[in-house]
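Peer 1: I'd like to ask you about the structure that follows.
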Amino acid sequence: MAAADSKFPEELMRVRANLIQKYCAGDVDGVCNIYAEDCTFIAPGKPVVNSREELKPAVEGLFASGLTKLMVEFEEAVITGPEWAFSRGKVTFATEDGTPVINGRYHVGYKRDAQGQFQIYVDVFNYQG
C-alpha cells in the first residue's frame, strides 16, 4: 500500500485491490462478483448495464479488445454510513504490456451485501480529456 493510500478506508482499498487483481488475472466471473447483483455500470459510448448478469459481456468485451490491465487511483474514498460508500479518481485500462489505451475518471458507489461486505453498486467512468 502506498503511503498516500493510508488516508482511505481499508475496506474500500480491499475492494479496489480485489478488483484490480481479478481484472489483471482475466477473471471475468471474479470481476463481476465484486459488483452487486443489481449494479449499474456506465461506460462512454456503451449501453447502460443494469445487473451483474449484463455486466459479464461488457467485461468480456474489454478483455476481447486487448484491455487486460487495470489501474485505479483513489482521489477520494469515503464510507458515508453503515450501508453506503463512494470513491472517485482516475482509471486506466491498458494492454498486456502496460500501454495505456483508456485514461479516464470514475465515480463508484458501494453498498453492503447480506454478509456486510462492500460491493460496487454504481460504476460510472469517462474518458479524460
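Peer 1: Probe 1.4 Å, all protein chains in place: accessible area of residue 90 in Å², nearest 10?
Peer 2: Solvent-accessible area, nearest 10 Å²: 80 Å².
Peer 1: At 0.36 nm per residue, and after removing the present C-alpha to C-alpha distance, how many nm does the segment from residue 99 to residue 48 gain when stretched out fully?
Peer 2: Details: separation 51, 0.36 × 51 = 18.36 nm, distance 2.67 nm.
Gain in length upon complete extension: 15.7 nm.
Peer 1: Also: May I ask you to rank 124, 31, 72 by accessible area, largest first, using a 1.4 Å probe over the protein chains only? Walk me through the intermediate numbers first.
Peer 2: Numbers: 124 55, 31 5, 72 30 Å².
So the residues, ranked largest to smallest area, are 124, 72, 31.
Peer 1: Leaving ligands, DNA and RNA out of it, rank 121, 127, 23 by accessible area with a 1.4 Å probe, largest first. Numbers along the way, then the final one.
Peer 2: Details: 121 65, 127 125, 23 5 Å².
The ranking, largest first, comes out as 127, 121, 23.
Peer 1: Across the Cα atoms of the chain, what radius of gyration and what greatest pairwise Cα-Cα distance (Dmax) are found, in Å?
Peer 2: 13.8, 40
Peer 1: Given the protein chains as shown and a 1.4 Å probe, how many square angstrom of residue 79 are accessible, to the nearest 10?
Peer 2: 60
Peer 1: Just how large is the dipole of region 1-111 about the Cα centre, in debye to the nearest 20, putting +1 at every Lys and Arg Cβ and -1 at every Asp and Glu Cβ?
Peer 2: Numbers: 12 positive and 16 negative charges, 51 e Å.
Magnitude of the dipole: close to 240 debye.
Peer 1: Further question: Please identify which residues in region 76-91 have an amide N closer than 16 Å to a label point set 7 Å out from the Cα of residue 7, following the Cα→Cβ vector.
Peer 2: 76-79, 87-90
Peer 1: Using θ = phi - 60° and the Karplus curve 6.51 cos²θ - 1.76 cosθ + 1.60, what whole-Hz ³J(HN,Hα) does each residue of region 29-44 get, with Gly and Pro shown as x?
Peer 2: Result, rounded to whole Hz: 5, x, 4, 4, 6, 7, 9, 5, 3, 9, 5, 10, 10, 10, 10, x.
Peer 1: Hey, another quick one. Using a 1.4 angstrom probe with every protein chain in place, what is the largest-first accessible-area order of 24, 39? Let's see the in-between values first.
Peer 2: Details: 24 45, 39 0 Å².
So the residues, ranked largest to smallest area, are 24, 39.
Peer 1: Going by amide H atoms built from the backbone, whose H comes under 5 Å of the H on residue 36, apart from near neighbours?
Peer 2: Sorted by chain and number, the residues that satisfy this are 120, 121.
Peer 1: Under a plain spin-label model, where a point goes 7 Å from the Cα along Cα-to-Cβ, how far apart in nm are residue 38 and residue 14?
Peer 2: My value for the distance between the label points is 2.4 nm.
The values are calculated or read from the model by the stated rules, or taken from the named source; none is laboratory data. Please read all numbers here as calculations on a predicted model, not as lab measurements. Cβ sites come from the backbone with ideal geometry, for glycine too, and all protein chains shown count toward neighbours. Accessible surface areas use protein heavy atoms only, side chains included; no ligands, DNA or RNA. Shrake-Rupley method; radii C 1.70, N 1.55, O 1.52, S 1.80 Å.
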